[in-house]
1. How big is the C-alpha Rg of the chain next to the rule-of-thumb value 2.2 N^0.38 Å, as a ratio?
2. Report the charge-dipole magnitude of the chain in Debye, nearest 20, computed about the Cα centre from +1 at each Lys and Arg Cβ and -1 at each Asp and Glu Cβ.
3. Within the range 110-249, what whole-number % of the accessible surface is contributed by carbon and sulfur, with the 1.4 Å probe and all protein chains included in the calculation?
4. Rank A270, A359, A281 by mean-square fluctuation in a GNM of the chain with C-alpha springs under 10 angstrom and give only the top-ranked residue.
5. Give me a comma-separated list of calculated 3J(HN,Hα) values for the range 150-164, in order, Karplus coefficients 6.51, -1.76, 1.60 applied at θ = phi - 60°, integers in Hz, x for any Gly or Pro.
6. With +1 on each Lys and Arg Cβ and -1 on each Asp and Glu Cβ, how big is the dipole of the range 19-131 about its Cα centre, in debye rounded to the nearest 20?
7. I'd like to know which of A363, A336, M378 lies farthest towards the positive end of the charge dipole of the range 313-425, counting +1 on Cβ of Lys and Arg and -1 on Cβ of Asp and Glu.
8. Within the chain, which complete DSSP H helices have Cα atoms spanning at least 18 Å along the helix axis and a mean Kyte-Doolittle hydropathy of -1.0 or higher?
Amino acid sequence: MNNWSGFYKKTRDERLNVIKEANILDNEHFNLLNNNKILDFETANNMVENVVGTFSLPFSVVPNFVVDKKSYLVPMVTEEPSVVAAASFAAKIIKRSGGFTTTVHNRQMIGQIALYDIPDVSSALHQIQEKKANLLELANQAYPSIVKRGGGACDLRTELLKGETDFLVVYLLVDTQEAMGANILNTMLEALKEQLELWTGGESLMAILSNYATEALVTASCEIDFRLLSRDKTEAEKIARKMVLASQFAKADPYRASTHNKGIFNGIDAVVLASGNDWRAIEAGAHTYAARSGSYQGLTSWTANWTNRKLQGQLTLPMPIATKGGSIGLNPTVAASFDLLNQPTAKELASLIVSVGLAQNFAALKALVSTGIQAGHMKLQAKSLALLAGAQEQEVPLLVSRLTAEKSFNLSLAQEILKDLRKKNQ
Ligand code: NDP
């Protein structure tokens, strides 16, 4: 794995060469990346409506990401500078501490049918529980292929929500195997609607998947030796304590929690996008989970073991990620992502993604409580400004170093310096 060192300093050809030599991509997917071949118009036009083109974003890889003793080359799609650098930094440090360990608590999706105007609620609740097996059978008949694949409807729960209008809510739990399951669930739920109306005498308001996937929770953990936080022993201890405080602060203050969690999703969304999954679904579930106590809180927990001098991080999230279904099979770059990841199962991908979230949070908090995030950010910001100002590839390094030498900089300064550099080179 030595070839991965200094990956960020290599040219694109050198990076692709490392990937080629590591034999991770099959020929088709290697050529696809090599030729920068993206989603073609015809496929895009069949995916959504009113298509007039396709839209590109940078596609990066992060090596050395160790999860449950497996090493991953993680594909990330993001437009934000410093996200990939931060993930790479955290991956390297956490690898030296043994990597991430994860637990997939369960993997079932939840859908709901809300019923109202029920004449006799307690009899309706009784009926539904009594006919549970029939309802599960009915749901499975509506989507038999998922049963053949080893999944299907496995449980049904009810809850009475009392309010201005009382709602009797029927929750259906489905093992969706490798799929995220929105369409699978919605098909099953629609099939139950009529029967439930008949048995309860009520009306159904809607039948729809819930993105609050509390039956698809995944926990990622890591333990980082204090000595990896700083070469200076006292400084390392100080950083460890401040990181613990930073996680407490994000639990106490929703203003901080929002930004804390945004940082986690810098990494998570990038991998979810690269894997062709529905990132809105993942975000919606996770933010609801962050508010489960009644107040919106930071999602990670950092504690310190002062005896064995280790910083311990943990992140639990709903992660109903898919390796099949949706648009996953349609986008050629997504196929390359799955190759780079060595064709993970949905559970493995979920574990990796939650680990990426924890890694991203580690990098952000470490920077925040020590050097601050602006130093790293401004260098990358300077690079973006250099490109915006129209610098050619060979002009970028000099322009960036001139910009970062200034107290502050903006686009007009970048344009001015670029003009000056070009004049001197004439
Ligand atoms: P699909 O409708 O694509 O269903 C899954 C597909 O994957 C099926 O065609 C299934 O084939 C196939 N498949 C192949 N192998 C497997 C396997 N091993 N396990 C499971 N399925 C397999 O996708 P989903 O039902 O997962 O729905 C996800 C899509 O729904 C996303 O595009 C999402 O954006 C969208 N969506 C999201 C909503 C939300 O989040 N609230 C709401 C509505 C839509 P077969 O049929 O032969 O079993």
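The values are calculated or read from the model by the stated rules, or taken from the named source; none is laboratory data. Only a predicted model underlies this, so the values are computations on that prediction, with no experimental measurement involved. Please note: Cβ atoms are built from the backbone with ideal geometry, for glycine as well, and neighbour counts cover all protein chains shown. All accessible areas refer to the heavy atoms of the entire protein, side chains included, with ligands and DNA or RNA removed. Shrake-Rupley method; radii C 1.70, N 1.55, O 1.52, S 1.80 Å.
1. Normalised Rg, Cα atoms only: 1.14.
2. Computed charge dipole of the chain: roughly 2480 debye.
3. The C+S portion of the solvent-accessible surface of the range 110-249 is 48 percent.
4. A281
5. Karplus values, whole Hz, x for Gly and Pro: x, x, x, 5, 10, 7, 9, 10, 10, 8, 9, 9, 8, x, 3.
6. Once rounded to the nearest 20, the dipole reads 840 debye.
7. M378
8. 83-96, 182-200, 233-252, 254-274, 346-369, 374-388, 411-425
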